[in-house]
1. Considering each of Glu51, Glu70 in turn, give the residue that is within 15 Å of Phe25 (Cβ to Cβ), in contact (Cβ under 8 Å) with a residue 24 or more places away in the chain and acidic (Asp, Glu).
2. Is at least one residue of the stretch 30-37 of a type in the set (Ser, Thr, Tyr), touching a helix residue (DSSP H, G or I) at 6+ places or on another chain (Cβ under 9 Å) and modelled with pLDDT under 95?
3. In the list Leu127, Leu76, which residue meets the criterion of being in contact with a His (Cβ under 9 Å, 6 or more places away or on another chain), in a helix (DSSP H, G or I) and within 30 Å of Glu15 (Cβ to Cβ)?
4. Consider Ala110 carefully, then state whether it is closer than 16 Å to Gly43 by Cα, of a type in the set (A, V, I, L, M, F, W, C), touching a strand residue (DSSP E or B) at 6+ places or on another chain (Cβ under 9 Å) and part of a helix (DSSP H, G or I).
5. Any residue that is assigned to a helix (DSSP H, G or I) and either modelled with pLDDT of 95 or more or not small (Gly, Ala, Ser) (or both) - is there at least one of those in the stretch 85-93?
6. Residues that are aliphatic (A, V, I, L, M), crowded, with 16+ Cβ neighbours inside 10 Å and touching a residue at least 12 places away in the same chain (Cβ under 8 Å): does the stretch 114-123 have at least one?
7. Let me confirm something: among Leu59, Leu76, which residue is surrounded by fewer than 16 Cβ atoms within 10 Å (Cβ to Cβ) and in contact (Cβ under 8 Å) with a residue 24 or more places away in the chain?
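The values are calculated or read from the model by the stated rules, or taken from the named source; none is laboratory data. Owing to the predicted nature of the structure, the values given are computational and were not obtained by experimental measurement. Note that we place each Cβ from the backbone using ideal geometry, even for glycine, and neighbour counts take in every protein chain shown.
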Amino acid sequence: MGESNQYNQHKLDKEKKVVLVGGCFDLLHYGHIAFLKQAKKYGDYLIVLLESDENVKRLKGKERPFHTQEQRKEMLESLSTVDEVRILPPITGNDAYYTIINSIHPSVIAFTQGDPLAHYKTKQAELAGARTVVIPKINTPSTTKLAKLLGLE
């Protein structure tokens, strides 16, 4: 990935169906793995947009993230389901997300059932010409719940 413009789509085979997901993925857990595996079923190439440390802190609280963005990227890249991880800069508005998403040209944007940002993700998919897929949430502890159980929060 060229550092000068990391959001330009790679020279992907035009026949490949790109699935795009995003998130924090701070304490990688079974729910994350199940979500990524389900998302990958909707295409050939799975790209994860990984939130910045600043955005995780803003979204999840001052004690987060537990792992740096680079550490989270390395963990995700070690998964066979994930084809590519793109790190996001600190972002405060939906227009910035749309610009990044539109540059990737995904066929599918997948997110978890009950995602509080589902409305925005659906709109972004519509504007980018992608379809949305809602992955059912499984009954497993979230990162926040795990952090509390481990005494990290």
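1. Within the list Glu51, Glu70, the selection yields Glu51.
2. Just the residues of the stretch 30-37 that are of a type in the set (Ser, Thr, Tyr), to begin with: 30.
From what is left, the residues that are touching a helix residue (DSSP H, G or I) at 6+ places or on another chain (Cβ under 9 Å) are none.
Within the stretch 30-37, none of the residues are of a type in the set (Ser, Thr, Tyr), touching a helix residue (DSSP H, G or I) at 6+ places or on another chain (Cβ under 9 Å) and modelled with pLDDT under 95.
3. On the way: Leu127 fails: in contact with a His (Cβ under 9 Å, 6 or more places away or on another chain).
Being in contact with a His (Cβ under 9 Å, 6 or more places away or on another chain), in a helix (DSSP H, G or I) and within 30 Å of Glu15 (Cβ to Cβ) holds for just one of Leu127, Leu76, which is Leu76.
4. Working: closer than 16 Å to Gly43 by Cα: yes; of a type in the set (A, V, I, L, M, F, W, C): yes; touching a strand residue (DSSP E or B) at 6+ places or on another chain (Cβ under 9 Å): yes; part of a helix (DSSP H, G or I): no.
No.
5. Of the residues in the stretch 85-93, the ones assigned to a helix (DSSP H, G or I) are none.
No, because not a single residue in the stretch 85-93 is assigned to a helix (DSSP H, G or I) and either modelled with pLDDT of 95 or more or not small (Gly, Ala, Ser) (or both).
6. Checked against the condition, which is being aliphatic (A, V, I, L, M), crowded, with 16+ Cβ neighbours inside 10 Å and touching a residue at least 12 places away in the same chain (Cβ under 8 Å), the stretch 114-123 yields no hits at all.
7. On the way: Leu76 fails: surrounded by fewer than 16 Cβ atoms within 10 Å (Cβ to Cβ).
Result: Leu59 is the single residue among Leu59, Leu76 that is surrounded by fewer than 16 Cβ atoms within 10 Å (Cβ to Cβ) and in contact (Cβ under 8 Å) with a residue 24 or more places away in the chain.
Yes/no matrix, rows are residues, columns are (1) touching a strand residue (DSSP E or B) at 6+ places or on another chain (Cβ under 8 Å); (2) in a helix (DSSP H, G or I); (3) farther than 19 Å from Ala34 by Cβ:
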site	(1), (2), (3)
Pro116	no, no, yes
His119	no, yes, yes
Lys123	no, yes, yes
Lys137	yes, no, no
Thr144	no, yes, no
Gly151	no, no, yes
